[in-house]
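Here the structure is laid out as structure tokens; the discussion comes afterwards.
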Amino acid sequence: MLIPIITVDGPGGAGKGTICKRLAERLNWHLLDSGMLYRLLALSAMNHHVAVDNEAALKVMASALDIKFQSIAGQEGICAWLEGEDVTDAIRSEDVGMAASKIALQPAARSALLARQRAFAEAPGLVADGRDMGTVVFVEAPLKIYLTASVEERAKRRHKQLLDKGQSDTLPRLVEAIKARDDSDMNRAVAPLKPAPDALTIDSTLMSIDEVCQQILDEAAKRGIL
Ligand code: DC
């Protein structure tokens with residue numbers, strides 16, 4: 001049986017996490033937050049003092065990662081455990097994000113994570129959130145979304161997320177961090193962030209979460225995926 005898959009790619013802070021979780025809940029489908037895999041690998045590398053450019057060690061670590069995910073209703077995003085420890089908050093730090101972005105440059109680490117990502121495609125369907133879901137990991141997906149928003153809007157959203165968690169950072173610093181990560185994600189040699197040729201681009205700058213979800217669900221229904 002062909003598993004229906006909706007891929008949602010785009011830069012950090014465009015709202016992919018919230019939108020994908022909402023979609024997966026509405027459809028009762030599985031959810032893959034592939035960025036979390038890169039973040040977990042980054043945190044594991046940091047814990048084990050492995051350099052972010054040590055390709056051979058990262059490849060081994062990626063294949064052996066001891067991780068667990070759980071989607072908890074009413075809670076933003078997915079909870080994650082690394083080697084038995086709840087690291088849901090730890091992997092969200094800017095440090096881990098930057099390390100994940102550097103690890104994402106290593107072809108060996110990326111290919112070691114491929115099989116783990118594809119294993120999420122199970123009945124009744126999958127919503128896959130990432131940077132290369134539609135261009136590399138699930139090229140056959142019948143609906144590919146490229147979700148974007150302005151840098152300023154993404155920085156504002158990140159700022160609010162941090163405040164909600166009792167953390168803080170200045171807006172200008174967040175703008176710079178987002179620009180640096182975009183630059184690394186979009187200009188890397190392997191699986192750079194870009195819309196798949198057959199992707200539908202949605203700019204969420206002026207849209208609510210509900211509006212974005214509805215547009216995606218309407219498109220899926222139109223294509224006979226649901
Ligand atoms: O979406 P995120 O911020 O959690 O992703 C963390 C990093 O992982 C990001 O800088 C790019 C990388 N990543 C990737 O290269 N490919 C993916 N499919 C998902 C994330």
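Read-outs: derived from the displayed coordinates by stated rules, not from any lab. These numbers come from a predicted model, not from an experiment. Ideal geometry is used to build each Cβ from the backbone, glycine not excepted, and the neighbour counts take in all protein chains shown.
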Q) Using a Gaussian network for the chain with springs between C-alpha atoms less than 10 Å apart, which of these wobbles most: Pro142, Pro11, Pro197? A) Pro197
Q.
Suppose we keep just the DSSP beta bridges with both residues in the chain; what percent of those would be antiparallel, to 5?
A. 25 percent
**Q.** Relative packing of peptides 15-24, 105-114 - highest average C-beta neighbours within 10 Å first
**A.** 15-24, 105-114
(Q) For segment 188-226 and segment 94-148, what is the centre-to-centre distance using only Cα atoms, to the nearest Å? (A) 15 Å
Q: Using label points projected 7 Å from each Cα along Cα→Cβ, tell me how many nm separate Asp210 and Ala57, to one decimal.
A: 5.0 nm
Q | Inter-site label distance for Lys222 and Met1 at 7 Å from Cα along Cβ, in nm | A | 2.7 nm
Q) Does segment 72-226 classify as rounded, prolate or oblate by the C-alpha gyration tensor (a ≥ b ≥ c root eigenvalues; a/c under 1.5 gives rounded; else a/b over b/c gives prolate, otherwise oblate)? A) rounded
Q.
I need the shape label for segment 14-81. Rule: rounded when a/c is under 1.5, else prolate if a/b > b/c, else oblate, with a, b, c from the alpha carbon gyration tensor.
A. prolate
Q: Mind telling me which of Gly84, Gly97, Gly13 comes out most flexible in a GNM of the chain, alpha-carbon contacts under 10 Å?
A: Gly84
**Q.** Around Ala42: net Lys/Arg minus Asp/Glu count, Cβ-Cβ under 10 Å
**A.** +1
(Q) Can you classify segment 135-226 as rounded, prolate or oblate using the Cα gyration tensor, where a ≥ b ≥ c are the square roots of its eigenvalues, rounded means a/c under 1.5, and otherwise it's prolate if a/b beats b/c and oblate if not? (A) oblate
Q.
Just to be sure I understand: with springs between alpha-carbon atoms less than 10 Å apart, which residue in His159, His48, His30 has the highest mean-square fluctuation in the Gaussian network model of the chain?
A. His48
**Q.** Sum of side-chain charges, Val87 neighbourhood, beta-carbon under 14 Å (Lys, Arg +1; Asp, Glu -1)
**A.** -4
